[in-house]
Structures are given as C-alpha cells and as structure tokens.
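What follows is one structure encoded as structure tokens, with my remarks underneath.
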Amino acid sequence: MHYTLHQLQIFLKITQTKSITKAAEELHLTQPAVSIQLKNLQDQFDIPLTEVIGRQLYITDFGAELALAVEKILTEVYAINYKTLAYKGQLSGRLKLSVVSTGKYVIPYFLSDFLKQHQGIELSLDVTNKEKVVESLENNEVDFALVSVLPEKLQIEKIELMQNKLYLIGGANNMAENVERSEQIFEKLPIIYREKGSGTRHTFEKYISSHNLKIRKKMELTSNEAVKQAVIAGLGYSVMPIIGIKNELINGELSIIPIKGFPLSSVWNIIWLKNKGFSPVAAAFLENLKKEKERIIKEKFTWVSKYMAEH
C-alpha cells in the first residue's frame, strides 16, 4: 500500500465532517481535489470506506475503524515534528480553539503576535455556532473557547477579553427616517434575527423581554455575514456587533440607528474547563493573553470609540 499522509489527513477530515464539501472548506482545498484524494485512498482497499445514500455521505464500519488508526498515526507525526522543534529550543505543539461565528472578528488579533513569536506552534481554530463550541469544550477537544454567553452546565474558568457592543443597523439607503428613535422602533421595523443559540440573539432577546416589546420578525439567518448582506440589500434591520461591520460602516453601506438604551453590551470571554491540564503551548498562550490583552485592545479596537465619537 502507498497511501500518503495527505490522503490520510483528508480522509480523517471527511470522517469528522461527514461531507466532502465541508472537508474541502475546512482544509482550504477544492471539492474535486478532496474527492480525488479520497478515491486514491479507496483504491488501495477492497472494502468500502464510505458510501453515499441519496445525497448523504456515510462512513462504513471499516472506514470508521480506519479513521481511528489514522488519527493515531497523525498524532504521532505531529509529535515527531514538535519534538524536533523542542530540541531546537522552540515552543511547539498544537493550540486548539473553538470560536463562535462573530468571534472571528476578535480572536485573530489576540493570536497574531503570539504565533509570530512561536512559529513552532500549529493553530487549530474552529469557527462555528455556539452549540458546537460548547460541545467541543465539553468533550475536551479544544484548549479554549471564545463565547459571549457563558455555558450554564459546564464548570469553567474564564478571562474577560473585551466588551461586545451591539447596535441597531440599517442599510445606508434604507434608514427609516420617519420612525421614532425609541424602543418602539422594534415594533415598526422588519427585524432580521440570528439563529437560536446565537450570543447576539440571546442578548437582544433579553432586551426584548425586559421591555415587553412585540417584534416584527422578518427572517432568521444563520451567520453574521448573511445578516449583514440582507441588511445592506434593504431586506430589513438587525442588531449586530459593531466589531463585525467596520468596513461596511466606513464604506457607507451600513449605518447605526441611534436609540435610547443602546448599545447593548455583552462580554467576550475566553473560557476553559475547570481543572484542565494545559499543554506548554496552551499555558503559554494563556499567560500571553493575560499580559498583552489590554495593549491589543488599545491598538486594534480603539476605532470603535473613535467612530462613535465622529458619528
């Protein structure tokens, strides 16, 4: 047999996502490239690794057993690489984080300098919905998670990273000029929601409940990017974190609608399981975060207060 590490990495990702399309996205490869590598690996076995029923990809029992072996092989390969770097005096290993979708606008700034200083570190960063983030943490699959709503059923420890400010947003050409700028505005405007479980939605629904508002719910979308494009297109209005709409505000595609009581605030938290044993890499990242977070916030996120002061 002549299978390659590349084929094994692709096959393992397919078993994890149960989708060639999703595996391709996470590996930053084209779908045909992933399909070809899966076929090349399959050609070396007489027993099917996967099967397609309808449009759904399933992993066979043999494929599942092979995936367990592949995971052990790749773990050993990573260990060899890390040991080589360790002998050179470099901090090395894998740093594993799971981040809620809007967290992708925040977490890179807290990783950038740390990873530049320690080039032997391999980053595994999963950007997904809150439910999967909490599941990854609960299963001890990641070192840290970034959330704005703390999980209720897990024993965790945390560092408060920075505030998350939420504003009512409208498209530049759809600004509801004649609507009263009070909380009653939400009863008159078509509002676009994030999906259930979203931290943004959780914070907004607490506001709705406390003000006993009746909302004109227009639609529900599963990502900040989808909401953003819908608002720009004039399909409705939404409550969004300002951190994710910097370019659209500067370019004039979106505008903030000022309302008494806004912005709504939550807090981005880096969380981890209580009593978790950290790897040297995870421990180093946590120390770096404690030491550098105020500097990073000052250097990278002061544009928010500056923008609001100017507008």
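The values are calculated or read from the model by the stated rules, or taken from the named source; none is laboratory data. In this text the structure is predicted, and so the values were computed from the model without any measurement. When we count neighbours, we look across all protein chains shown, and the Cβ atoms used for this are built from the backbone with ideal geometry, even at glycine. Just the protein is used for accessible areas: all its heavy atoms, side chains included, with ligands, DNA and RNA removed. Shrake-Rupley method; radii C 1.70, N 1.55, O 1.52, S 1.80 Å.
Using helices alone, what [θ] at 222 nm do you get for the chain, with -39,500 (n - 2.57) per DSSP H run of 4 or more residues, divided over all residues and rounded to the nearest 500?
So the helix-based figure for the chain works out to -13500 deg cm²/dmol.
Got a sec? Charge dipole of the stretch 108-215, +1 on Cβ for Lys and Arg, -1 for Asp and Glu; which of Y167, V149, L111 is way out at the positive end?
The residue sitting most towards the positive pole is Y167.
What accessible area per residue comes out for the chain, rounded to a whole number of Å², with a 1.4 Å probe?
That works out to 56 Å² per residue.
Report, ordered by chain and residue number, the lysines lying within cross-link reach of K306, taken as a straight Cα distance under 20 Å and ignoring same-chain residues fewer than 8 apart.
Reachable lysines: K165, K246, K260, K293, K298.
If I compute solvent accessible area with a 1.4 Å probe over the protein chains, what percent of it on the chain is carbon and sulfur?
C and S fraction of accessible area: 49 percent.
If every alpha-carbon in the stretch 33-156 counts as one equal scatterer, what log10 I(q)/I(0) does Debye give at q = 0.14, 0.17 1/Å?
Treating every Cα as an identical point scatterer, log10 I(q)/I(0) equals -0.90, -1.10.
From the alpha carbon gyration tensor of the stretch 224-305, can you work out the equivalent ellipsoid semi-axes (sqrt of 5 times each eigenvalue) and give them in Å, largest to smallest? All intermediate terms of the calculation are to be shown ahead of the outcome.
Details: eigenvalues 226, 47, 34 Å².
Semi-axes from the Cα gyration tensor: 34, 15, 13 Å.
Highest mean first, how do 117-128, 152-163 rank when packing is the count of other Cβ atoms within 10 Å averaged over residues?
The peptides rank, most packed first, as 117-128, 152-163.
If you compute P(r) over Cα pairs in 20 Å bins from 0, in percent for the structure shown, which of (1) 35, 61, 3; (2) 27, 51, 21, 1; (3) 33, 59, 7 do you land on?
Among (1) 35, 61, 3; (2) 27, 51, 21, 1; (3) 33, 59, 7, the one derived from this structure is (2).
If you restrict to DSSP beta bridges whose two residues both lie in the chain, what percentage is antiparallel, to the nearest 5?
Beta bridges within the chain, antiparallel portion: roughly 55 percent.
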